[in-house]
Every structure is written in C-alpha cells, then in structure tokens.
Amino acid sequence: MTTAKNFFTAEEQNKLRQAIEKAELNTSGEIRVHLESFCWGSEVRAAQRIFTRLGMQNTAERNGVLIYIATVSHKIAIIGDEGIHQKLGTVFWDKIVEKLIQQFKAHRKAEALCECIIECGKELSTFFPRKDDDRNELNNEISFRS
C-alpha cells in the first residue's frame with residue numbers, strides 16, 4: 001500500500017521542495033504540500049483543517065496555498081487563503097486539480113506536482129509580487145500525516 005510517507009521517494013520530495021522554492025522566488029505567496037494516507041469525507045474540508053493546523057492563515061497578505069493529497073483515498077484539493085481566493089476563486093484551483101489527477105493517472109506524479117507548484121507560483125506572482133523585504137513565512141517542507 002502506498003501511504004503518505006512513501007508516496008514520493010526522498011529524491012522526489014527534494015524536487016518538490018525545490019519547486020516550492022522556485023515558485024516562491026517571484027511572489028510573496030506561500031505554498032505548502034501536505035500528504036496523508038486517508039481522507040474520510042470532503043477533501044476540501046480536510047485541506048481546510050490542515051491549512052489551519054499548519055498556521056497558513058497567519059501570512060501577512062493571507063496568500064498561502066495548500067496542496068492536499070490523500071494518497072490511499074485518492075483525493076486531492078488545492079485551497080488558497082482568503083487573500084488569494086478572492087483573486088482566483090475556485091475555478092482556477094479546480095482546473096489545476098483536474099490536470100494533476102490526470103497526470104497522476106499517467107504515472108507522472110512527482111513531475112506533475114512540481115509543475116502544479118510552479119503554476120501556482122506564477123498565479124500568485126500576478127497578484128502578490130515579491131517585495132524587497134519579503135521573507136519566507138512558512139516552512140517549505142512537505143508535511144505528513146499517516
């Protein structure tokens with residue numbers, strides 16, 4: 001069984017962290033990835049709980065984005081804090097989730113997630129460009145819950 005901890009290899013996890021760093025180069029927005037094995041019920045509600053647990057609502061501009069993946073339950077959600085959600089709405093996130101699901105089915109999960117992270121960074125930079133005094137407000141590490 002592919003659980004959250006072994007869904008990506010150590011090398012793939014490193015590539016994901018690098019993608020987050022690259023995506024955040026041109027934006028004050030913050031991107032996190034969270035993996036857990038099971039999601040009972042709504043993936044969006046689960047993502048909202050994790051978003052709060054990770055303190056993502058505490059960014060100065062309310063522009064955090066969480067990519068949530070339940071590996072065994074085969075559920076994905078991408079949510080943005082109120083600052084970015086007001087700019088993009090749900091249509092943008094739904095489109096990216098659908099693209100990500102198709103790529104996961106094609107066995108391109110690490111590459112697809114890196115591309116998704118970069119795409120989120122591009123959208124964030126449109127509305128939240130990086131400032132001279134910008135600092136990394138959230139950890140770039142992948143978070144897990146089995």
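The number of residues in the stretch 49-63 being under 21 Å from Phe127 (Cβ atoms) and either free of Cβ contacts under 8 Å to residues at least 60 places away in the same chain or in contact with a Phe, Trp or Tyr (Cβ under 9 Å, 6 or more places away or on another chain) (or both) comes to 5.
Free of Cβ contacts under 8 Å to residues at least 40 places away in the same chain, more than 23 Å from Thr3 (Cβ to Cβ) and touching a Phe, Trp or Tyr at 6+ places or on another chain (Cβ under 7 Å), is that true of Glu82? Here the answer is no, as Glu82 does not meet what is asked.
Let's see how each residue does on (1) under 13 Å from the mean Cα position of the chain (by Cα); (2) closer than 15 Å to Asn136 by Cβ:
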| residue | (1), (2) |
| --- | --- |
| Glu30 | yes, yes |
| Trp40 | no, no |
| Ala47 | yes, no |
| Ile50 | yes, no |
| Met56 | yes, yes |
| Arg62 | no, no |
| Ile69 | yes, no |
| Val72 | no, no |
| Ile76 | yes, no |
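Within the stretch 80-97, take every residue that is touching a Gly at 6+ places or on another chain (Cβ under 9 Å) and among the aliphatic types (A, V, I, L, M) and give me the one that is surrounded by the fewest Cβ atoms within 10 Å (Cβ to Cβ). The qualifying residue surrounded by the fewest Cβ atoms within 10 Å (Cβ to Cβ) is Leu88. Filtering the stretch 8-34 to residues that are part of a helix (DSSP H, G or I) and of a type in the set (Lys, Arg) leaves Lys15, Arg17, Lys22. Inside the stretch 12-43, residues that are more than 12 Å from Leu124 (Cα to Cα), touching a Leu at 6+ places or on another chain (Cβ under 8 Å) and not charged (D, E, K, R) make up a count of 4.
Applying a threshold of 9 Å to beta carbon distances and a minimum spacing of six or more residues, or different chains, the list of pairs starting in the stretch 85-101 at a residue that is within 17 Å of Ala70 (Cα to Cα) and ending at one that is basic (Lys, Arg) reads Leu100/Lys109. Within the stretch 102-114, the residues that satisfy the criterion of being touching a residue at least 24 places away in the same chain (Cβ under 8 Å) and either charged (D, E, K, R) or closer than 17 Å to Gly80 by Cα (or both) are Lys109, Leu113. Scanning the stretch 98-115 for residues that are within 26 Å of Ser28 (Cβ to Cβ) and out of contact with any Leu (no Cβ under 8 Å at 6 or more places or on another chain), we see that the one that is surrounded by the fewest Cβ atoms within 10 Å (Cβ to Cβ) is Lys99. Here Ala10, Ala60, Ala23 are screened, and the one residue that is buried (at least 17 other Cβ atoms within 10 Å of the Cβ) and either at pLDDT 95 or above or not acidic (Asp, Glu) (or both) is Ala23.
The values are calculated or read from the model by the stated rules, or taken from the named source; none is laboratory data. These numbers come from a predicted model, not from an experiment. Positions of Cβ are backbone-derived with ideal geometry, glycine not excepted, and every protein chain shown enters the neighbour counts.
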